[in-house]
Structures are given as structure tokens and as C-alpha cells.
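Bear in mind these aren't lab numbers, they're just calculated from the coordinates by the rules spelled out. Since the structure is predicted, the reported quantities are computational estimates derived from the model, not experimental observations. Positions of Cβ are generated from backbone atoms using ideal geometry, with glycine treated the same way; all protein chains shown enter the neighbour counts.
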Amino acid sequence: MTHPARRTQEGWSHPKDPAPGALNVVQMFVNSDDMEEGTDEFGSVEQTAAWLFAAGLLGEHEAVTEADRAQAVAVRGALRELLLANHERVPPDVAEARAVLDAAAADAQFELRFTGAGESQLVPTAPGVAGAIGRVLAIVFDAMHDGTWARMKACRNDLCLWAFYDHSRNRSGAWCSMETCGAQMKMRAYRKRHAAARS
Ligand SMILES: [Zn+2]
């Protein structure tokens, strides 16, 4: 079952419920790994460089190594763990994910800049992919402080895990889409109940 709104003609991730503002970059970063379609936009060094450049996170002539690519993949996985934890009233242990992000933040070499009256910004000063990842983490930092982060989630369908922004009033959204994953998961629960009733 394919999500029809997933891709534009350019092949760019196009979530149905885009996260507001810069948070959309984080959403696309996580969704660069499409579990359902089995495609990974960080599948090679060249792909990773092209993606980060297109997202405005990396300069055109900044080099990407295999270690950089692995780091982007690790950070992406850690962010997805945090998005899954946003479903829970009592969040699961995400210590491992936090350690990955802490290390990436250290590599990004953040500076706090006062950019205007009443405005400040975390700016990564590291060049290359460390800086590009830093720009993603700075958006996460801002979202955690303005309250939008709690609405960023990963779909609870474990075959999907698509990052979506939960627009529901009571923040109870569990699936990237009711029509696809929601229906699929409800059907699975229904079958399980019936199987249990028969035995
Ligand atoms: Zn889903």
C-alpha cells in the first residue's frame, strides 16, 4: 500500500501533513529512509551529498565521506527513536539515541549567537556534514523549546515509521495516515481479536 502523497515529480519527499516551518526539514531528513518502499536517500555518499545540498544544509563543494554518510544515518535513526517516544505518556528509554545526538551536537561545534533584539540562535560552526547535521539539530532544539516537537511523531506501524506532524487537537495521532496505516493496523488488531476469540 503506497502513500500517494509521498513523492513529488522531483522524487522529493512530500509528506501529507508537513511539519510547520523549519521542522519540515527534520521531517524530510527522517523520511529520507523510506521503510515502506525500501529506498534510502542516504544509500551512497553521492546521494547523501546531493540530498543535504538540496535541503540547503550543505554547501555545493563540501565533501562527504563514508564516515559522514554513516553519521547521517545514525543521527537519522536516533531522531526517529525520539519521534517514536513522542507517542508515549511515559517515554521509553532513549538513552542510546540521546548519546548519538549528544555526540553529533559536540561535532557540530555550536555557538550561541545573539542575532537581534530578543533573538538568539544556535549556530553550528563545523564545516561539512557535521555542520549540516548541526543545522538539523538546531531546528530540533528550537522545536523542543517552542512546543512543536511534541507533535512530531513516527508512524506506529512498524513497517512504515514515516515521520509525520500530528495536527490532531488532543495530540493522539498514531499513524502517518488513517487511510493507509490506520486502516491496516485496525485490521490487524481486528484479526488478532477474532483469532483469540476462536481459540
Ligand atoms: Zn504509516
Quick check on the chain: helices-only [θ] at 222 nm, where DSSP H runs of length 4 and up contribute -39,500 (n - 2.57) each and the sum goes over total residues. Nearest 500, please.
-14000 deg cm²/dmol
Check the cysteines of the chain one by one and keep only those with no other cysteine Cβ under 4.7 Å from their own.
181
Values of log10 I(q)/I(0), in the order q = 0.20, 0.24, 0.27 Å⁻¹, for segment 11-74 under a Debye, Cα-only, solvent-free model:
-0.80, -1.10, -1.29
Where in the chain are the DSSP H helices whose C-alpha atoms run 18 Å or more along the long axis and whose mean Kyte hydropathy is at least -0.5?
66-85, 95-108, 128-146
Using the reciprocal of the averaged 1/r over all distinct C-alpha pairs, how large is the Kirkwood radius of the chain in Å?
17.9 Å
Under 5 Å, built H, 5+ apart or other chain: amide partners of residue 110:
125
Show me, for segment 150-157, the HN-Hα J-couplings you get by feeding each phi into the Karplus relation (A = 6.51, B = -1.76, C = 1.60, θ = phi - 60°), rounded to Hz, glycine and proline as x.
4, 8, 7, 9, 10, 3, 6, 6
Exposed trypsin sites (Lys or Arg not before Pro) absent: longest stretch of the chain, with sites in DSSP loops and at most 14 other Cβ within 10 Å deemed exposed:
1-88
